[in-house]
1. How large is the charge dipole for the range 1-92, taken about the Cα centre, if only the Cβ atoms of Lys, Arg (+1) and Asp, Glu (-1) carry charge, to the nearest 20 debye?
2. Which whole number of Å³ per residue matches the convex hull of the alpha-carbon atoms in the range 1-131?
3. Around I18, with a cut-off of 14 angstrom between Cβ atoms, what is the net charge of the other residues, counting Lys and Arg +1 and Asp and Glu -1?
4. Highest mean first, what order results for 92-103, 37-48 on Cβ atoms within 10 Å?
5. Counting residues in the range 16-72 as N, plug N into 2.2 N^0.38 Å and put the Cα Rg over that result.
6. Quick one: Karplus J couplings for the range 117-134, per residue in order, coefficients 6.51, -1.76, 1.60, θ = phi - 60°, nearest Hz, x for Gly and Pro?
7. Output wanted: per-residue J couplings in Hz (rounded whole) for the range 84-89, from phi through Karplus 6.51 cos²θ - 1.76 cosθ + 1.60, θ = phi - 60°, x for Gly and Pro.
8. What is the local net charge at M78, summed over the other residues whose Cβ is closer than 14 Å to its Cβ (Lys, Arg +1; Asp, Glu -1)?
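The values are calculated or read from the model by the stated rules, or taken from the named source; none is laboratory data. As the structure is a prediction and not an experimental result, all values here were calculated from the model. Methodologically, a virtual Cβ is constructed for each residue, glycine included, from the backbone with ideal geometry; neighbour enumeration extends over all protein chains shown. Surface accessibility is based on the protein's heavy atoms, side chains included, excluding ligands, DNA and RNA. Shrake-Rupley method; radii C 1.70, N 1.55, O 1.52, S 1.80 Å.
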Amino acid sequence: DKMVKDVDDAGINASLNIMFGLPGETEKDFTMQMEFLERNRDHISIIAPSMWFNYFPESSNGFKNPIRHGIDTTYGPMYWKTVDGSNDYLIRMDRFIRYTDFMAKLGVPSAFGYPVLTNRDQLVGEYFDELARQGHMTKTEAAALTARSRPRASEARTTRRGRLAPLKDALRALLV
């Protein structure tokens, strides 16, 4: 808290890159991060959420040493899950949606550019399609899971910001 406030008080734009859904992160950890952002919203110039939901490229330490990090990379670098089942792609996506909703509600500018994850249904479908392609389930099972496993809809409304909002957000991000 002190660092973000001190940076802002010094006249420096406090731009935060936010990651959530890391291996070992609990719902309590996520809540604490949201509370931090709410407490410091007046000192934050812009936030940049990790929109890949913690992708582990094959060259990363996490992908090369999954046991050390408690992750299972059977489904690949994008769709990894924790060994204990407490974190998977859909959980990370849900946290992203709750995060972007919360930041929009607080009025904190986001480098993401949209107040909602506009392609969430597509991403959920791609997730289950990939698991079917890899042979972890049938295409029929993937379609059924896609239909009932979609993360909740975003509470934010895209129309509220106007059609030029993504362009304005991109320009703001470049200036910051």
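1. With only Lys, Arg, Asp and Glu charged at Cβ, the dipole is about 240 debye.
2. Cα convex hull per residue, to the nearest whole number: 116 Å³.
3. -1
4. The densest-packed peptide leads the list: 92-103, 37-48.
5. Dividing the Cα Rg of the range 16-72 by 2.2 N^0.38 Å gives 1.34.
6. 7, 5, 10, 4, 4, 4, 5, 5, x, 5, 4, 5, 4, 5, 5, 5, 4, 6
7. Result, ordered by residue: 7, x, 7, 8, 8, 4 Hz.
8. -3
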